[in-house]
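Nothing in this text is a laboratory measurement; each read-out follows from the coordinates by a stated rule. It should be emphasised that the depicted structure is a prediction, and the values quoted were computed from it without experimental measurement. Cβ sites come from the backbone with ideal geometry, for glycine too, and all protein chains shown count toward neighbours.
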């Protein structure tokens, strides 16, 4: 793969993504919409309209062995995260995240496509994109449909007409952090400042602790939204209208900030990427239940 070179190619890719965002943004929107943030995931057809990209491969080792991608860089979400208790799952200091990515030969202004396992994974691609954007790699996107979509698009790529460059102003995108801390959540609990989405399995929401939580349960008032509910039967991410309807049915409003969490901030980062792409003001609690459940003073609810 070639690494993005030249401002012209940069403008091309950004204008392409802006066109995609405008399509997503059509219609009435709530007061917390994110009109100036680029999408977090792209279809293979859209993503590969430029040939100048870097692949970050976060698939399982088995899938990487079966389907090798020449020139790709390999990384896992754990490499960018803390491992010390009770901070396991939290993002490393941003300077260390940037160094790890720079050490792979990737610069902040490059066009990065993150390839994950899709519906068969844990949302690692979403966690990687979230981590990259927090560290300043704003041209990072995960590729919807994973390797199969990537391979199919490469096969027909020669038939796709390249779009002309446009004079899109890159300053139209605000650099917004989508991270939230335990302390910020605690301040907002009493005032009900946030809506909470528990993106774990229903059994975890109800109190099971299969992945190392110190205590079982969920943050008070949280709604259960298992992250795989956002995939359709073909393993693609559900449309904006489908996701909006689903959230409305479980009582999530679009005009109020959303905090998503899971066990260690992986599945929740994936959900946050989808929600922010669709115009929701969503934040990822990276420490998630590994951190929250470790402190006996922090409240938890259980459903038995």
Calculated P(r) tail over 13 Å for region 248-304, as whole % of Cα pairs = 65
query = Taking the highest mean first, how do the peptides 225-235, 140-150, 245-255 order by number of other beta carbon atoms within 10 angstrom per residue?
reply = 140-150, 225-235, 245-255
key: Residues in region 180-195 reached by a label modelled at residue 295 [backbone nitrogen below 17 Å; 7 Å Cα→Cβ]   = 180-194
key: Centroid-to-centroid separation of region 211-243 and region 60-126 [C-alpha atoms, Å]   = 22
ask   = Working out 0.36 nm times the residue gap between residue 241 and residue 193, then minus their Cα-Cα distance, what length gain in nm do you get to one decimal?
value = 14.8 nm
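Can you give the relative contact order of region 176-229 as a percent, counting alpha carbon pairs under 8 Å and 6+ residues apart?
Numbers: 48 pairs, mean separation 18.7, N = 54.
Computed over region 176-229, the figure is 35 percent.
Highest first, please rank the peptides 203-209, 184-190 by the mean number of other Cβ atoms sitting within 10 Å of their residues. If you can, show how the numbers build up before the last one.
On the way: 203-209: 17.0, 184-190: 13.9.
Ranking, from highest mean packing down: 203-209, 184-190.
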note = Restricting to Cα pairs under 8 Å and 6 or more apart, the percent relative contact order of region 182-292 works out to 29
task = May I ask for log10 I(q)/I(0) of region 182-292 at q = 0.14, 0.16, 0.19 Å⁻¹, from a Debye sum over the Cα atoms as equal point scatterers with solvent left out?
result = -0.51, -0.68, -0.96
